[in-house]
Amino acid sequence: SLGTCFVEGEGEAVVLVSGSRLLFTERFRCPDHPDVRFKRPSPQLFSFNNPYGTCPTCTGFGATLEYDDGLIIPDADRSLADGAVDPWSKPRYKKERAKLDAFAKDRGVSSKKPWKELPEEFREDVLRGTKGFKGVVPFLVSRERKKYKQYIRVFLRQYQTPRTCRECGGGRIRREARWVRVGGRDIAQVSALPMEELAPWIAALAGEALSDMESRIAETILRELRARVGFLVEVGLGYLTLDRQTRTLSGGEAQRINLANSLGSSLVDTLYVLDEPTVGLHPRDTGALLGLLRKLSAAGNTVVVVEHDPQAIRTADHVLELGPASGDQGGQVMYEGPPDGIEDQDTATGRYLSGRSGVPLPDRKRDTRGRSITLRGARLHNVRDADIEIPLGTLTVVTGVSGSGKSTLVHDILYHALERALSGETSAKEHLGEAVGAYDALEGASAIDEVVLVDQSPIGRTPRSNPVTYVKAWDHIRKIFADQQIAQERGYEPGHFSFNTAGGRCEECKGAGYVEIEMIFMADVYVPCDACGGKRYGREILDVKVKGKTIADVLELTIDEAIRFFIRERRLGKALWHLQQVGLGYLRLGQPAPTLSGGEAQRLKIARELSGAAGKQGRKLYILDEPTTGLSGEDVGKLVGVLERLVDAGNTVLVIEHDMEVAKVADWIIDMGPGAGRHGGEVVAMGPPATVAGVPGSATARYLAEALEATVEKV
């Protein structure tokens with residue numbers, strides 16, 4: 001009978017017992033609140049990447065795009081006649097401008113007065129609309145019906161900014177999932193906890209929040225959770241939250257997360273190979289990371305690390321040094337044995353570790369009390385009301401423990417503040433709706449002409465992009481080949497020696513030398529072109545030779561070899577020399593851009609800036625983020641020399657760096673801290689290296705003092 005009732009009652013049945021009315025239901029709902037319907041719990045319900053669990057309003061992004069008055073009116077000092085209303089300043093919207101002029105005239109408002117001086121009621125009507133006049137925001141909303149057109153999407157996106165979703169409060173999960181609580185918290189609240197707070201919360205669950213039966217059910221899950229969160233805290237990522245977006249992580253943070261994932265797998269008899277795991281790590285955090293690697297080896301695993309960090313080399317059980325130089329001049333085993341013995345070797349690493357080579361202290365002292373750029377009240381993420389000063393014409397280094405807010409301060413606040421001050425327009429990042437920090441005041445920006453961000457993003461994404469084209473040296477090489485007698489007789493011009501245009505290139509691979517093969521369910525692969533054998537050019541073009549080498553042969557030369565090969569070509573040699581000076585002499589001229597590391601891409605950008613600034617006095621501010629990535633100790637010295645040349649040319653260089661060899665030669669240091677995440681975001685110390693080295697509350701001070709002392713002793 002009860003089974004029949006459930007069928008006929010569509011999952012609900014009422015049982016009458018001694019006058020009592022008992023309601024039974026197969027549905028997830030409360031008998032006392034029949035209007036509230038719960039979704040059936042499943043892992044998908046608690047995922048913002050699954051339609052079953054994502055917030056329906058923001059579709060799992062945690063934010064919705066809304067029109068921003070500050071982007072619609074980017075410059076309040078402009079008048080209506082000067083295009084204060086940015087969307088209607090476009091040539092396409094002449095009709096809307098005419099209506100705006102008529103509306104202003106009808107309200108008796110001057111179209112030549114600055115926007116900020118216009119009556120507040122009038123400004124609100126222009127933005128929101130009123131009877132007889134469609135405002136800017138309603139106009140933009142009306143254009144959304146044509147968002148299927150790309151130019152409309154791009155146009156509208158310029159005036160939108162992400163706002164925290166009102167439905168989920170940024171939690172990204174639908175409210176039915178947030179009704180489920182464990183230990184008094186829903187999944188969005190748990191995801192917002194830093195790892196260092198999440199660990200004790202998980203530990204307390206079994207003892208307090210869960211019953212004995214629930215603890216037994218969750219035992220395996222809790223054990224796995226404790227281990228994985230514990231590893232993240234141990235690798236120095238306790239300040240990260242679970243809901244942190246991957247694209248906001250630095251390279252070092254991403255690599256440590258991968259390492260924690262490997263540690264969490266609890267494998268034994270496994271070979272781990274790590275490529276520079278200390279990248280992005282402050283010397284204080286490097287020790288914790290090396291301790292974890294020790295745990296891996298103690299568990300019966302073998303750990304092989306490619307590393308330049310002196311602390312990591314000295315911690316190893318066994319060291320292999322390759323050399324003697326880079327590129328074709330390397331590949332030999334220069335030393336193999338315990339780390340104690342390498343300092344006695346006459347090798348690049350031996351000389352550096354023993355102190356026989358390194359970065360010397362500069363014998364000059366630049367003026368840091370003259371003109372400067374000052375940023376006051378900077379705030380975003382964990383950076384809170386930071387005041388910084390950057391002396392002009394100096395090398396300034398921003399230091400601090402990993403996660404202390406260095407990149408937020410420099411990239412997301414200072415860079416975009418300068419970009420807006422110099423151009424008078426919103427930055428590209430703001431147009432894309434990215435987080436851009438606020439500040440109270442920016443002073444001294446007029447003393448520079450341009451701010452240049454030299455980051456580690458790729459210089460190109462196809463095999464046709466390479467170092468020689470990036471530094472504009474390829475034009476000289478093509479002209480040299482076009483000047484050869486056989487090329488003159490056949491009527492070849494420099495364009496015939498380009499692999500980017502039709503004429504002399506192989507048309508089968510379009511000058512790439514490789515053909516892309518689409519792989520189903522896997523990443524696409526490139527294979528050498530059958531038609532040209534990977535040489536990029538047709539047979540006729542390869543008949544032209546310079547000193548016995550074809551244009552394809554020249555592309556295979558390293559930069560060091562090309563400088564010697566084109567010894568008499570001064571302009572070409574100068575462009576290639578800048579590449580050599582930033583430690584890239586081992587790269588081949590035609591090396592595809594996708595094969596370059598982030599550090600190599602960054603140094604290529606520095607070389608191009610040096611090439612463009614040759615012989616010129618500059619007034620630029622260069623911003624670099626850890627340019628020593630992938631550099632040996634000797635190469636760091638070369639890089640410092642390059643940065644010094646940029647400063648000597650009249651520019652200002654601002655570097656985010658953990659390497660104390662760079663910090664010790666700076667003119668000015670800004671040290672962030674004192675900790676990471678919510679424990680950081682403050683300017684702990686600011687001044688010359690010797691001053692910062694003596695600040696008690698700075699995590700950098702100890703390591704900076706050691707670097708300065710070691711250099712003085714060596715001298």
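The values are calculated or read from the model by the stated rules, or taken from the named source; none is laboratory data. It should be emphasised that the depicted structure is a prediction, and the values quoted were computed from it without experimental measurement. All Cβ positions, glycine included, derive from the backbone under ideal geometry; neighbour counts span all protein chains shown. When the accessible area is computed, the model is the full protein with side chains, heavy atoms only, and any ligands, DNA or RNA have been set aside. Shrake-Rupley method; radii C 1.70, N 1.55, O 1.52, S 1.80 Å.
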Using R₀ = 51 Å, calculate the FRET efficiency as 1/(1 + (r/R₀)^6) where r is the Cβ-Cβ separation of T241 and L542; round to 0.05.
0.35
S446 and K113 label points (each 7 Å along its Cα→Cβ direction) are spaced in nm at 2.6 nm
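Could you list, in their original order, any pairs among K90/K147; K510/K620; K113/K146; K95/K147 whose Cα atoms are separated by more than 27 Å?
Numbers: K90/K147 18 Å; K510/K620 38 Å; K113/K146 34 Å; K95/K147 21 Å.
Table pairs above 27 Å Cα-Cα are K510/K620; K113/K146.
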With every protein chain present, what accessible area does Y52 have (1.4 Å probe, heavy atoms only), rounded to the nearest 10 Å²?
80 Å²
Are there cysteines in the chain with no other Cys C-beta under 4.7 Å, and if so, which?
C5, C30
Surface accessible to a 1.4 Å probe, per residue, for the residues of the chain, Å²
51 Å²
So, with a 1.4 angstrom probe, what is the percent of accessible area on the chain that is carbon and sulfur?
50 percent
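Please give the net charge around P283, taking every other residue with its beta carbon less than 12 angstrom from that of P283, where Lys and Arg add +1 and Asp and Glu add -1. Please list the in-between numbers first.
Details: positive: R284, R702; negative: D285, D309, E657, D659, E661, E706.
Residues close to P283 contribute a combined charge of -4.
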Report ³J(HN,Hα) in whole Hz for each residue of region 444-450, in order, from the Karplus equation J = 6.51 cos²θ - 1.76 cosθ + 1.60 where θ = phi - 60°; Gly and Pro get x.
x, 5, 5, 7, 10, 9, 7
Using label points projected 7 Å from each Cα along Cα→Cβ, tell me how many nm separate V7 and I567, to one decimal.
9.9 nm
The set of residues whose placed amide H lies less than 5 Å from the amide H of G504, leaving out same-chain residues fewer than 5 positions away, is S498
Area accessible to solvent at F499, 1.4 Å probe radius, in Å²:
0 Å²
Below 17 Å, Cα to Cα, which lysines can K112 reach? Residues fewer than 8 away in the same chain don't count.
K99
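Give a quick list of trypsin sites (Lys or Arg not before Pro) in region 82-117 that DSSP marks as loop, anything other than H, G, I, E or B, with at most 12 other Cβ atoms within 10 Å.
Details: sites: R92, K94, K95, R97, K99, K105, R107, K112, K116; in loops: R107, K112.
Answer by residue number: K112.
Please list, by residue number, every one of the trypsin sites (Lys or Arg not before Pro) in region 270-365 that is coil in DSSP and has at most 10 other beta-carbon atoms within 10 Å. It would help to have the intermediate numbers written out before the result.
Values: sites: R284, R294, K295, R314, R351, R356, R364, K365; in loops: R356, R364, K365.
Answer by residue number: R364, K365.
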When only C-alpha pairs under 8 Å and at least 6 residues apart count, what is the relative contact order of region 224-370, in percent?
16 percent
If the chain between D363 and Q44 were fully stretched, how many nm would it gain, using 0.36 nm times the residue separation less the Cα-Cα distance?
108.5 nm
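Report, in listed order, any pair from K365/K574; K365/K664; K94/K131; K547/K605; K94/K116; K549/K574 with a Cα-Cα distance greater than 19 Å.
Working: K365/K574 29 Å; K365/K664 13 Å; K94/K131 21 Å; K547/K605 30 Å; K94/K116 23 Å; K549/K574 21 Å.
Where the Cα-Cα span goes over 19 Å, the pairs concerned are K365/K574; K94/K131; K547/K605; K94/K116; K549/K574.
Counting alpha carbon pairs within less than 8 Å and at least 6 residues apart, what relative contact order, in whole percent, applies to the chain? Could the numbers behind the result be given before it?
On the way: 1172 pairs, mean separation 83.5, N = 715.
Result for the chain is 12 percent.
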FRET efficiency, 1/(1 + (r/R0)^6) with R0 56 Å, evaluated for A531 and T302 via beta carbons
0.80
